[in-house]
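Participant: Could you have a look at this structure, given as structure tokens, before my questions?
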Amino acid sequence: MNLEDELRAALRREDPSPDFARRVAARAQSSTKPARGIPWMMWAAAIAALLVIGFSAAYEYQQIKAERASRDAVIALRIAADKLNIARERVVRRETPANTREN
Amino acid sequence: MRRLFLIAVIAGCAAAQLPAQLLQLRITGLDGLAAKAKESTDITLDSNLLKMAGGFLAGAGKDSKDGQAITQLLSGLKAITVRSFEFKEPGQYRMEDLEQIRAQLRTPGWSKIISSQSKDEISEIYTRMEQGKVAGFAIINAEPKELTIVAIEGSIDLNDLSKLKALGVPSIPVPEKKGKQE
């Protein structure tokens, strides 16, 4: 057999086995795609960052609230002290005779 | 049986709280005065806000005598309510507007300790005592162009409060307010 015949024999058309199509389809279905999600470390970092931002905002809000409350408390006590002294002075003035006040 | 016991305990606690709540002064009947006023102050601070204020002032004013005096005063308080109105002209409110408040102050528990009345001016101070200590006090100060009601719940020494003015309370280191004052 010469080379030409050998090549022809090797490259001759052959029909596939009867279950070839089924096996190809089955393998195609079972093949898994490579994972392309966000790594867990990225998730952890994002959650940590959100927690830090959340706690900072809450702390800032509490500070503002405390500042406002302290300012209101100071004003309220000042008004209370002022009116208390006015009432006391009026009573003292009323109970002190005019000539004593002049002295 | 256990459930009944629990209900009895809860009811007992609620009943114990009731007299204090009933005696707490509610400033009512002054609606609409703010609209007529040139300036008005409306401050309501409950125990939580007073705690926050006390904590803040303890830090901010720890080095000043005034800050310490205020922190000391606030430590015994449970609530502060102030309604103050300053009018451009006299006759913007009626003495009857104060009746709802004064009626509450006539109930048992409250006693008037200072009263000064003239033709168009009233200064009244009421206290509420519990176990020999001041548990609350109220001030009504009505002048032709000014009306102020103060209600304070909690133990407070009126002499210490009176001294606050001499100490110059506004000078304590409280940061400037960013928003608009009510």
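Participant: Scan the stretch B:126-137 residue by residue and report those that are at the interface with another protein chain (Cβ under 9 Å from one of its Cβ atoms) and at pLDDT below 85.
Facilitator: Those that are at the interface with another protein chain (Cβ under 9 Å from one of its Cβ atoms) and at pLDDT below 85: none in the stretch B:126-137.
Participant: Return the pairs, sorted by first residue and then second, in which the second residue is surrounded by fewer than 17 Cβ atoms within 10 Å (Cβ to Cβ) and in a loop (DSSP other than H, G, I, E, B), the first residue lies in the stretch B:81-104 and is at positive phi, the beta carbons are less than 8 Å apart, and the residues are 6+ apart or on different chains.
Facilitator: Every condition considered, the pairs that remain are B:G91/B:P144.
Participant: Also, I was wondering about something else. Would you say B:I43 is crowded, with 17+ Cβ neighbours inside 10 Å and at pLDDT below 90?
Facilitator: Against the criterion (crowded, with 17+ Cβ neighbours inside 10 Å and at pLDDT below 90), B:I43 does not qualify.
Conditions (1) at pLDDT 85 or above; (2) in contact with a Cys (Cβ under 7 Å, 6 or more places away or on another chain); (3) more than 9 Å from chain A (Cβ to nearest Cβ), marked per residue:
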{"position": "B:P108", "(1), (2), (3)": "yes, no, yes"}
{"position": "B:E124", "(1), (2), (3)": "yes, no, no"}
{"position": "B:T148", "(1), (2), (3)": "yes, no, no"}
{"position": "B:A151", "(1), (2), (3)": "yes, no, yes"}
{"position": "B:G154", "(1), (2), (3)": "yes, no, yes"}
{"position": "B:P170", "(1), (2), (3)": "no, no, no"}
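Participant: Considering (1) away from chain B (no Cβ under 11 Å); (2) under 30 Å from B:Q117 (Cα atoms), say which one A:R90 fails and leave the rest.
Facilitator: Just one mismatch for A:R90, condition (1).
The values are calculated or read from the model by the stated rules, or taken from the named source; none is laboratory data. Keep in mind that this is a model prediction, so the values were computed, not measured. In this analysis, Cβ positions are derived from the backbone assuming ideal geometry, glycine residues included, and neighbour counts consider all displayed protein chains.
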